[in-house]
Amino acid sequence: MKIKTLVMATVAVLGIGTIVSVNQTKASADSTMPVYRLYNHNTGEHFYTKNQAEQQQLSTHGWNYEGIGWYSATSGAPVYRVYNPNSVGGDHYYTMSKYEAQSLVNKGWHWDDKGQPVFYSEGNNNLYVAYNPNTSSGSHNYTMNTYEQNSLLNKGWIYGKVAWKTMSNSPTPPKPQPTYKYLGWFSIDGVRQYTKLCDTVEECHAWIDMMNQSQEIISQGFDHSINYGLDTIES
């Protein structure tokens, strides 16, 4: 009797927020700093940082650098960032409300930058936020680009509003965001027999878990070698 062999393809996601610590020098109220925007196609999350060393390191660990998202003032109303380690792929959230951030931390989220502000709200330009209720990683998108914001809202994102204010410097428009789907699969003796194309990583994991518990897969596992995994497909 052959023992069923299960090999799950996994994606290594680089933890963010603890990579590089760089002291920031406080400047005058009219000073600005670029905010770098990155995208992880494995999780669907955008990440935003003023730390250029962090941006460069993430760019070598699977994140795509998309340019300067906006320019942040070096003082003003603080914006905080928290991280959810329990989300598949991880997830970051940005808010001007320290009470909201602390409430999330009380529920298991972690402070980034030890609870210090990561950005400041100051200026005349709007920075918009949109929320995707169908995913846990990359569920919030932040942009100055009204075309990008409206495109997301037209695709089913919700909660479109002004997150905070940015300075008047014109940022580099972000590159068009690629779209990805995820292919879950099972192979029997090295030949793929079962596949499912999914919109999210979570959907694929749920299908794989269901198939693993099905009688069809269990019965074949006694006499065949069964592998399974998940592939990322750019659509």
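The values are calculated or read from the model by the stated rules, or taken from the named source; none is laboratory data. Because the structure is a prediction, the values reported are computed rather than measured. Positions of Cβ are generated from backbone atoms using ideal geometry, with glycine treated the same way; all protein chains shown enter the neighbour counts. Just so you know, the surface numbers come from the protein's heavy atoms only, side chains and all, with ligands and any DNA or RNA stripped out. Shrake-Rupley method; radii C 1.70, N 1.55, O 1.52, S 1.80 Å.
Key figures
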quantity	calculated
Residue tally, condition outside any loop (DSSP other than H, G, I, E, B), hydrophobic (A, V, I, L, M, F, W, C), open to solvent by 30 Å² or more (accessible area, probe 1.4 Å) and closer than 12 Å to Val118 by Cα, over region 43-99	1
Residues that are aliphatic (A, V, I, L, M) and open to solvent by 60 Å² or more (accessible area, probe 1.4 Å), drawn from region 219-235	Ile233
In region 182-201, residue farthest from Gly44 (Cα to Cα) [restricted to those that are crowded, with 17+ Cβ neighbours inside 10 Å and within 27 Å of the chain's Cα centre (by Cα)]	Phe186
Residues of region 100-144 classified as polar (S, T, N, Q), in contact with a Ser or Thr (Cβ under 9 Å, 6 or more places away or on another chain) and in a loop (DSSP other than H, G, I, E, B), total	7
Residue in region 194-215 that is within 25 Å of Thr95 (Cα to Cα) and either assigned to a strand (DSSP E or B) or modelled with pLDDT of 90 or more (or both) present	no
In region 146-167, the residues that are without any contact (Cβ under 8 Å) to a residue 12 or more places away in the chain and touching an Asp or Glu at 6+ places or on another chain (Cβ under 9 Å)	none
Close pairs from region 63-78: first more than 17 Å from Lys165 (Cβ to Cβ), partner hydrophobic (A, V, I, L, M, F, W, C) and open to solvent by less than 40 Å² (accessible area, probe 1.4 Å), Cβ under 8 Å, at least 6 apart	Trp63/Leu38; Trp63/Phe47; Asn64/Leu38; Tyr65/Leu38; Tyr65/Leu58; Glu66/Leu38
Search result, residues across region 20-72 that are of a type in the set (Ser, Thr, Tyr) and modelled with pLDDT under 85	Ser21, Thr25, Ser28, Ser31
Qualifying residue in region 112-122 (condition: in contact with a Lys or Arg (Cβ under 6 Å, 6 or more places away or on another chain) and either of a type in the set (Val, Ile, Thr) or surrounded by fewer than 17 Cβ atoms within 10 Å (Cβ to Cβ) (or both))	yes
Long-range neighbours under 8 Å by Cβ, at least six apart or interchain, first residue at negative phi and among the β-branched types (Val, Ile, Thr) within region 178-192, second part of a strand (DSSP E or B) and modelled with pLDDT of 90 or more	Ile188/Ile226
